[in-house]
1. Where does each of 53-63, 149-159, 85-95, 108-118 land if you order them by average Cβ count within 10 Å, highest first?
2. Among the listed pairs Lys90/Lys123; Lys79/Lys155; Lys22/Lys155; Lys22/Lys90, give every one whose C-alpha distance is greater than 29 Å.
3. Starting from the Cα-Cα distance between Glu174 and Arg98, subtract it from 0.36 nm times their residue separation and give me the gain in nm to one decimal.
4. Classify the range 138-179 as rounded, prolate or oblate, taking a ≥ b ≥ c as the square roots of the eigenvalues of its Cα gyration tensor: rounded when a/c is under 1.5, otherwise prolate if a/b is larger than b/c and oblate if not.
5. Taking K and R as +1 and D and E as -1, what net charge do the other residues with C-beta under 9 Å from the C-beta of Asn172 add up to?
6. Quick one: accessible area per residue over the range 91-179, 1.4 Å probe, rounded to a whole number of Å²?
7. When all C-alpha to C-alpha distances in the range 53-179 are sorted into bins of 10 Å, what percent of pairs does each bin hold, rounded to whole numbers?
8. Determine the distance separating the Cα centre of the range 106-171 from the Cα centre of the range 80-99; give it in Å without decimals.
Amino acid sequence: MSRAIYWFRNIRTKQVLATMQKSVLANPRLIKGQIPTSQLPSTIRPDHWTPFVVAHGFDSQRSLMDTFTLATQPGHPLKPLTKQELAEYKLLPNKEKRNREMDMQERQVAQLARTLVYLDQTKSKAVPSSNNIRLLWEDDVWVSKVEEAGLEWPKWVEHGELEVLRGNIIQNQELRNVE
């Protein structure tokens, strides 16, 4: 098992899965375990899942597991809905509400940021002592969205670009040897 956490997003529904394996195909039960049955896509196609963000650089398997457990919990958006946005949401048709609920990208990024801040503030053993945790992003706009929402990335977190070939093949050389 590698010392990295991989988040994959569905290109159609924007649902997000987290795994410690380099491929969603490695564990097909993963999809059914993390997405409620009422929100499962009609067909589960592996080519619809693309890497979203990868976290690596953990000192130990224990720190990886602690971070994975906290970061994969259901999260809340970066900013709560205003009263007006909530009123508009209630007026939407059910199909549009369901589509918005399936969009888990922002919630997963917010949960990841809150997890790393929590680990930093509690001086957890999951905080790396010898190196930094690197977050490789498919789209680095999420880094600034977190900062705009008032969250601050811990000092030991570095950001980089996730190189993806043909939509779902990770090309970063540093991830090829992650153990």
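1. Put in order of decreasing packing, that is 108-118, 53-63, 149-159, 85-95.
2. Details: Lys90/Lys123 41 Å; Lys79/Lys155 22 Å; Lys22/Lys155 26 Å; Lys22/Lys90 38 Å.
From the list (Lys90/Lys123; Lys79/Lys155; Lys22/Lys155; Lys22/Lys90), the Cα-Cα distance tops 29 Å for Lys90/Lys123; Lys22/Lys90.
3. Extending this stretch completely gives an extra 23.6 nm.
4. Details: a/c = 4.28, a/b = 1.69, b/c = 2.54.
It is oblate, given that a/c is not under 1.5 and a/b is not larger than b/c.
5. Overall, the nearby charge balance is -2.
6. Accessible area per residue: 62 Å².
7. Per 10 Å bin, starting at zero, the Cα-Cα P(r) for the range 53-179 comes out as 11, 37, 33, 14, 5, 0 percent.
8. Here the two parts' Cα centres lie 29 Å apart.
The values are calculated or read from the model by the stated rules, or taken from the named source; none is laboratory data. Because the structure is predicted, anything quoted here is derived from the model rather than measured. A quick note on method: Cβ atoms are made from the backbone with ideal geometry, for glycine too, and the neighbour counts reach across all protein chains shown. Side chains are part of the model used for accessible areas, which takes the heavy atoms of the whole protein and leaves out ligands, DNA and RNA. Shrake-Rupley method; radii C 1.70, N 1.55, O 1.52, S 1.80 Å.
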